[in-house]
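Encoded as structure tokens, the structure appears first; notes follow it.
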Amino acid sequence: MGIRWRTLLAFLALFLAVFLAAAGVSTFLVQNAVERRLQAQVDQLARLVDGMPPASLENNLDYLRRLVGAESLRMKSDQAPAAGSYRAPTHYGELHVVYAAEVVSREKQEVVRPLLLLALAGLGLVAGLGYLTAQAVSRPLERLAAQARSLPAGEVRAVGGGAELDHLVEALNRMLQEVRRGERLAVMGQMAAGVAHELRNPLSSIKMTVQMLRESASDREPYERVLREIERLDLITAELTGASQPLRME
């Protein structure tokens with residue numbers, strides 16, 4: 001998997017972790033908000049009931065039940081509190097309102113729906129930003145990798161992507177210069193070794209001939225000078241031969 005997709009997946013994984021954490025907190029807050037709103041609605045009904053005359057209370061209770069969409073609405077209920085039930089005190093006793101489960105569920109869904117839409121929009125935004133970031137990071141590296149495949153034939157050109165990649169390009173160019181310098185020295189050493197080998201053979205023959213002539217000559221000084229020059233040439237050829245050998249610390 002390339003760096004582009006790894007970067008994008010990292011963005012998506014981070015968003016998913018944040019989304020799951022936010023979803024848990026939001027669900028808890030939404031449930032409490034719906035519960036508080038329904039209880040506030042029941043408290044408002046209790047205030048309305050307090051303002052009604054006793055004679056019309058029973059008829060108005062059924063109207064209030066239909067108005068708020070409750071499953072049942074009673075006064076002085078002895079039933080144990082259940083899911084979807086809310087109570088509020090009035091002058092006539094305790095007002096007991098029970099909402100159907102689908103009503104409570106619909107209320108919660110209406111609150112959660114905007115959060116889900118916001119989460120989907122955030123996912124699209126994160127995916128887009130992640131892709132753009134991955135492109136910005138991976139493109140310079142891909143260009144650098146493409147140039148690296150042609151090394152050491154050419155120079156490494158700047159690929160952008162920030163100061164770090166510019167420093168890397170400079171380091172690669174310095175390394176290429178050292179490699180090419182080493183190659184040139186190696187070629188020169190091989191050439192020097194070949195030249196030295198070609199010189200040492202005739203020098204050996206010349207040296208032997210001069211030594212033989214020196215033995216029969218009355219004046220040996222000229223021959224001695226020639227032999228000293230031959231010795232100097234031998235040293236030079238030995239140095240040329242050593243130039244092709246790897247360096248050894250001593």
Which of the residues belonging to the range 206-217 are modelled with pLDDT of 85 or more and of a type in the set (S, T, N, Q)? THR209, GLN211
If the Cβ limit is 9 Å and pairs must be 6+ apart or interchain, which residue in the range 13-35 that is under 22 Å from SER105 (Cβ atoms) and open to solvent by 50 Å² or more (accessible area, probe 1.4 Å) pairs with which residue that is modelled with pLDDT of 75 or more and not in a helix (DSSP H, G or I)? GLU35/TYR86
The range 36-63: number of residues that are loosely packed, with under 13 Cβ neighbours inside 10 Å and part of a loop (DSSP other than H, G, I, E, B): 2
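Being surrounded by 13 or more Cβ atoms within 10 Å (Cβ to Cβ), at pLDDT 80 or above and part of a helix (DSSP H, G or I) is the requirement here; does THR237 meet it? Can you show your working first?
Details: surrounded by 13 or more Cβ atoms within 10 Å (Cβ to Cβ): yes; at pLDDT 80 or above: yes; part of a helix (DSSP H, G or I): yes.
So THR237 passes the test.
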Need the failing condition index for ASP78 against (1) acidic (Asp, Glu); (2) under 17 Å from TYR92 (Cα atoms); (3) modelled with pLDDT of 75 or more, just the number. (3)
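Can you tell me which of VAL126, VAL137, VAL97 is over 28 Å from the mean Cα position of the chain (by Cα), aliphatic (A, V, I, L, M) and buried (at least 16 other Cβ atoms within 10 Å of the Cβ)?
Exactly one of VAL126, VAL137, VAL97 is over 28 Å from the mean Cα position of the chain (by Cα), aliphatic (A, V, I, L, M) and buried (at least 16 other Cβ atoms within 10 Å of the Cβ), namely VAL97.
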May I ask you to list the residues in the range 210-233 that are in a helix (DSSP H, G or I), of a type in the set (A, V, I, L, M, F, W, C) and open to solvent by less than 100 Å² (accessible area, probe 1.4 Å)? VAL210, LEU213, VAL226, LEU227, ILE230, LEU233
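The values are calculated or read from the model by the stated rules, or taken from the named source; none is laboratory data. On a predicted model such as this, the values are computed, not experimentally measured, just so you know. Note that we place each Cβ from the backbone using ideal geometry, even for glycine, and neighbour counts take in every protein chain shown. We work out accessible area using only protein heavy atoms, side chains counted, and drop any ligands, DNA or RNA first. Shrake-Rupley method; radii C 1.70, N 1.55, O 1.52, S 1.80 Å.
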